[in-house]
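Structure first, then comments.
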Amino acid sequence: MLCSYNDAILGCTEDAETSACAIYISTNSLGDTEHYDAYDSWRYGNSKFNWYGAQVGQGSFQGIPAEGTPLAWTTNKGGQSGYQPDNVYAHCLLWLS
């Protein structure tokens, strides 16, 4: 029998609304360019950090529902799509917000 991570921790479920393992978050816009369209759509209504699937009322992008808390690819290379001045680590970094 395979056990998921949630099975191993008391109170964790695959429902972000009720899971003891889904923590409250507040997301921020990372930009208003086309690069962030999917991220901005999926962050709408996301109030708990999780990858369990879309929360009730969480946004969708081009008919595709969120699969949990969205990620956005960023770069520290100025002038490139996805540039974030806060990204001081790498050209290819996923940010949570």
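The values are calculated or read from the model by the stated rules, or taken from the named source; none is laboratory data. Computed from a predicted model, the values in this text were never measured in an experiment. Backbone-built Cβ (ideal geometry, glycine too); neighbour counts: all protein chains shown.
Selection over segment 74-87 of residues that are loosely packed, with under 15 Cβ neighbours inside 10 Å and either under 15 Å from Ser29 (Cβ atoms) or within 20 Å of the chain's Cα centre (by Cα) (or both) gives a count of 3. Is it the case that Gly45 is on the phi > 0 side of the Ramachandran plot, modelled with pLDDT of 85 or more and of a type in the set (Gly, Ala, Ser)? Yes; evaluated as a whole, the condition is true for this residue.
Identify all residues within segment 24-44 that are part of a helix (DSSP H, G or I), among the hydroxyl-bearing types (Ser, Thr, Tyr) and closer than 19 Å to Gly79 by Cβ; write none if there are none. Matches in segment 24-44: Tyr36 only.
Checking each residue in segment 15-40 for being of a type in the set (Gly, Ala, Ser), crowded, with 18+ Cβ neighbours inside 10 Å and either farther than 14 Å from Thr69 by Cα or modelled with pLDDT of 90 or more (or both) picks out only Ala38.
The rows are residues; the columns are (1) hydrophobic (A, V, I, L, M, F, W, C); (2) in contact with a strand residue (DSSP E or B) (Cβ under 9 Å, 6 or more places away or on another chain).
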site: Tyr24; (1), (2): no, yes
site: Ser29; (1), (2): no, no
site: Tyr52; (1), (2): no, no
site: Ala72; (1), (2): yes, yes
site: Ser81; (1), (2): no, yes
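Test of understanding: among Trp95, Trp51, which residue is surrounded by 12 or more Cβ atoms within 10 Å (Cβ to Cβ), modelled with pLDDT under 90 and in a strand (DSSP E or B)? Within the list Trp95, Trp51, the selection yields Trp95.
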